[in-house]
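Visitor: One structure coming up, written as structure tokens, with questions to follow.
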Amino acid sequence: MSHAPHDSQAADDSSQLIEDFGLRIGRAMGWPPMAGRLAGILMLSQAPMTLSEVQRALGASKGSASEMTRLLVTYGTVDRVKVPGVRQAVYEWRGDAWAGCLQHQLDQTKQLLELAETAQDRGSHLPAVQKARLLDMRSYYEFMVEQMQRLLEDYTRQHGAGAK
């Protein structure tokens, strides 16, 4: 008997899962839905994908596909890799994607801590209420950086580098 119904069901399940990624990860991370769909596509892909393959899988323009891959690389979930003998770079889901994502969030939070420190220094002439707000901002980001660093260390220790 043919395996077509099973294969069709698997394809339908994968398509629905990719759409779920588009909606849920996209919304949660503040990404466009297309970036969430691409995260799902690359996570489920058995092999790295060229930009042309990404473009076809998304049904998107080359520019949109390129923009989405750059976003996922920036967020630490995808690597852009040059493969010997292949003209185009390929994109693949990182084995440590979730640690990469957390590292990206930590880096952003450190930037906000730097802003809070600068704002507190530059706001030293402000009235007490505003100075207290700036101090609160700095305290918050100091706390968040410390906690996120600990979280990243714990996660990395428990999960290692991840599996590709």
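Visitor: Within region 146-155, identify whether any single residue is within 28 Å of Trp98 (Cα to Cα), open to solvent by less than 90 Å² (accessible area, probe 1.4 Å) and among the acidic types (Asp, Glu), and answer yes or no. Walk me through it before giving the result.
Guide: We begin by selecting, within region 146-155, every residue within 28 Å of Trp98 (Cα to Cα); these are 146-155.
Subsequent filtering for residues that are open to solvent by less than 90 Å² (accessible area, probe 1.4 Å) retains 147-149, 152, 154-155.
Okay, now just the ones that are also among the acidic types (Asp, Glu), so 154.
Yes, some residue in region 146-155 is within 28 Å of Trp98 (Cα to Cα), open to solvent by less than 90 Å² (accessible area, probe 1.4 Å) and among the acidic types (Asp, Glu).
Visitor: Enumerate the pairs (first residue in region 60-81 and more than 19 Å from Asp107 (Cα to Cα); second residue anywhere and in a loop (DSSP other than H, G, I, E, B) and open to solvent by less than 20 Å² (accessible area, probe 1.4 Å)) with beta-carbon separation below 6 Å, excluding pairs fewer than 6 apart on the same chain, so at least 6 apart or on different chains.
Guide: As it stands, the answer is Arg80/Ala89, since those pairs meet every condition given.
Visitor: Now a separate question. What number of residues within region 116-134 satisfy the criterion of being in a helix (DSSP H, G or I) and over 31 Å from the mean Cα position of the chain (by Cα)?
Guide: Filtering region 116-134 for residues in a helix (DSSP H, G or I) gives 116-122, 128-134.
Of the ones still in play, those that are also over 31 Å from the mean Cα position of the chain (by Cα) are 121-122, 128-132.
Within region 116-134, residues that are in a helix (DSSP H, G or I) and over 31 Å from the mean Cα position of the chain (by Cα) number 7.
Visitor: Looking at Val83, Val90, Val78, which is the one that is open to solvent by less than 90 Å² (accessible area, probe 1.4 Å), within 20 Å of Gly30 (Cβ to Cβ) and in contact with a strand residue (DSSP E or B) (Cβ under 9 Å, 6 or more places away or on another chain)?
Guide: Working: Val83 fails: within 20 Å of Gly30 (Cβ to Cβ); Val90 fails: within 20 Å of Gly30 (Cβ to Cβ).
Just one listed residue meets the conditions, Val78.
Visitor: Criterion first (surrounded by fewer than 17 Cβ atoms within 10 Å (Cβ to Cβ) and at pLDDT 95 or above) does Lys110 satisfy it? Break it down stepwise before answering.
Guide: Values: surrounded by fewer than 17 Cβ atoms within 10 Å (Cβ to Cβ): yes; at pLDDT 95 or above: yes.
Yes; evaluated as a whole, the condition is true for this residue.
Visitor: When the residues of region 37-60 are filtered to those that are polar (S, T, N, Q) and closer than 17 Å to Gly22 by Cα, which remaining residue is surrounded by the fewest Cβ atoms within 10 Å (Cβ to Cβ)? Walk me through how you get there before you give the answer.
Guide: Taking region 37-60 and keeping what is polar (S, T, N, Q), we get 45-46, 50, 52, 55.
Right, trim to closer than 17 Å to Gly22 by Cα and you get 45, 55.
On the way: Ser45: 15, Gln55: 19.
Result: Ser45.
The values are calculated or read from the model by the stated rules, or taken from the named source; none is laboratory data. Predicted model, so just to flag it, every value in this text is computed and none were measured. Cβ atoms come from the backbone with ideal geometry, glycine included; neighbour counts cover every protein chain shown. Accessible surface is based on the protein model in full, side chains and every heavy atom, while ligands, DNA and RNA are left aside. Shrake-Rupley method; radii C 1.70, N 1.55, O 1.52, S 1.80 Å.
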